[in-house]
Amino acid sequence: MYSLEKIYCVAPSFRAEQSKTSRHLTEYWHTEMEMAWANLDEIMDHAEEMIKHVFKVVLEKHKKELEILERDYKKLEPALKKKFPRVTYDEVLKFLKEKKNMSVPWGKDLRTVEEEKYMEGHDTPVFVTHYPKEIMAFYKPKDPKNPKTALCFDMLGPEGMGELIGGSERDTNVEELKKSLKAKGEKLEDYKYYFDIHSYGAVPHGGFGLGTERLIRWICGLEGVKDAIGFPRTMTRMQP
């Protein structure tokens, strides 16, 4: 990735967790990208440009199909025309407490209900940044300005779509990576290959992952992600 600078991948991903919601699948299509020499703002820029490009093509070429699905395509136009807001996790908690009478303890991840309440009134995705470091994946680095938070983001979708994309800068400090893994109870020997990657010429980089079915669900105005894939895999369904 360091030499090629931008890597893209669309492949199946699997969830070893019991998530039974309108936006979770046990197997889903993961659209991922990693880019070298990128900071958090540049990674979010790229994610926003990707969504806008998809919407541009859909609205130019597939309005007929959206009409067949009885989807009001005009609800997609703001995401193409407007800049996506960027707010911090702290700002979201403050808004929920002051405007929605919802108290979320600092350090707790946002649940579906909290994401939906925050997104009420938004007609474009919103980037939520700087989640607490302790609840993030080990490879998301601390913010030097506030080490309690990570240089990361979630892109939340309007119309109750919830998280569409998750991304971050990637930590290249091997000692910090080991510290994070130890805190999560992981065996360091299982990550030797990962440490080696970052020990010989690592450069600043980052990336994101998009839940492909979640984006399709939003574009088509579907009730859940199970309608956005031909053969949905769930906790109880492996075939067909």
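Computed from the coordinates by the stated procedures, all read-outs in this text should not be read as laboratory data. Quantities reported herein were computed from a predicted structural model and do not represent experimental measurements. When we count neighbours, we look across all protein chains shown, and the Cβ atoms used for this are built from the backbone with ideal geometry, even at glycine.
General remarks:
- Directionally averaged projected area (segment 96-168, Cα convex hull): 5.0 nm².
- Counting only aspartates and glutamates at least 8 places from Lys140 when in the same chain, those with an alpha carbon closer than 14 Å to its own are Glu34, Asp154, Glu169, Asp171, Glu175, Glu176.
- Span-rule helices in the chain, defined as complete DSSP H runs reaching 18 Å or more along the axis (Cα) with Kyte mean at least -0.5: 40-61
- Contact order, relative form, for the chain: 25 percent (alpha carbon pairs under 8 Å, 6 or more residues apart, mean separation divided by residue count).
- Rotationally averaged projected area of segment 104-216 (alpha carbon convex hull; nm²): 8.4
- Cα centroid separation, segment 81-103 to segment 146-167 (Å): 12
- Cβ-based charge dipole, segment 6-228, positive-most Cα from Pro158, Leu96, His130: Leu96
- Local electrostatic count at Glu175 - Lys and Arg +1, Asp and Glu -1, tallied over other residues with Cβ under 13 Å: +2
- Square roots of five times the Cα gyration tensor eigenvalues for the chain, Å: 30, 22, 19
- Test item: Cα-centred dipole of the chain, Lys/Arg +1 and Asp/Glu -1 on Cβ, debye: 400
- Of Lys117/Lys142; Lys63/Lys226; Lys61/Lys226; Lys52/Lys83; Lys74/Lys99; Lys142/Lys184, pairs whose Cα-Cα distance is over 18 Å: Lys117/Lys142; Lys63/Lys226; Lys61/Lys226; Lys74/Lys99
- For segment 82-134: relative contact order, % (alpha-carbon pairs under 8 angstrom, 6 or more apart): 54
- Under the Karplus curve 6.51 cos²θ - 1.76 cosθ + 1.60, θ = phi - 60°, whole-Hz ³J(HN,Hα) for segment 140-150, x wherever Gly or Pro sits: 8, x, 5, 7, x, 7, 8, x, 6, 10, 10
- Sorting Phe208, Phe231, Phe55, Phe153 by the number of Cβ atoms found within 10 Å of their own Cβ, with the fewest placed first, yields Phe231, Phe55, Phe208, Phe153.
- Within the listed set Pro125, Pro158, Pro147, the Gaussian network model of the chain (springs between alpha-carbon atoms below 10 Å) gives the highest mean-square fluctuation for Pro147.
- Going from the fewest other Cβ atoms within 10 Å to the most, the residues Glu5, Glu48 appear in the order Glu5, Glu48.
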